[in-house]
Amino acid sequence: QVQLVESGGGLVQPGGSLRLSCAASVQVFMIYDMAWYRQAPENKRELVASITSGGTTNYPDSVKGRFTISRDNAKKTVYLQMNSLKPEDTAVYYCNKVTGTSWPWGKGTLVTVSS
């Protein structure tokens, strides 16, 4: 069974930066389009960044220009560089593949943006 392990969250002041990592225990990683999602309290889970197997990235307007997704297929890891963080970015962040049935969700990593 695939396991996703997210890390790198923490408490950061507005305007600060964090880099999240997500390691996937899957035999073949490079074929999957991957994404980062987030869920704030009382909100639905939303996609915040995606990257195709070929490296094409996409972002919603809410994070465009501030977040950057990348991947290291050799390490079976996807990253999310978050800059210029805002209080509204506070959420638990998860990764998963984009299409088809989702892998079991990991525990996520909590990002708190507060002064």
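The values are calculated or read from the model by the stated rules, or taken from the named source; none is laboratory data. If you're wondering where the values come from, they're calculated on a predicted model, not measured in any experiment. Methodologically, a virtual Cβ is constructed for each residue, glycine included, from the backbone with ideal geometry; neighbour enumeration extends over all protein chains shown. Remember, those area values only see protein heavy atoms, side chains included, never the ligands or the DNA or RNA. Shrake-Rupley method; radii C 1.70, N 1.55, O 1.52, S 1.80 Å.
Listing for the model above:
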| quantity | calculated |
| --- | --- |
| Flag if SER21 is more than 12 Å from the chain's Cα centre (by Cα) and among the hydroxyl-bearing types (Ser, Thr, Tyr) | no |
| Selection count, the range 21-45, where residues are in contact with a Ser or Thr (Cβ under 8 Å, 6 or more places away or on another chain) and open to solvent by 60 Å² or more (accessible area, probe 1.4 Å) | 3 |
| Residues that are over 17 Å from THR52 (Cβ atoms) and open to solvent by less than 20 Å² (accessible area, probe 1.4 Å), drawn from the range 70-107 | MET82, LEU85, ASP89, ALA91, TYR93, GLY106 |
| Meets criteria (of a type in the set (Asp, Glu) and at pLDDT 95 or above) for GLU42 | no |
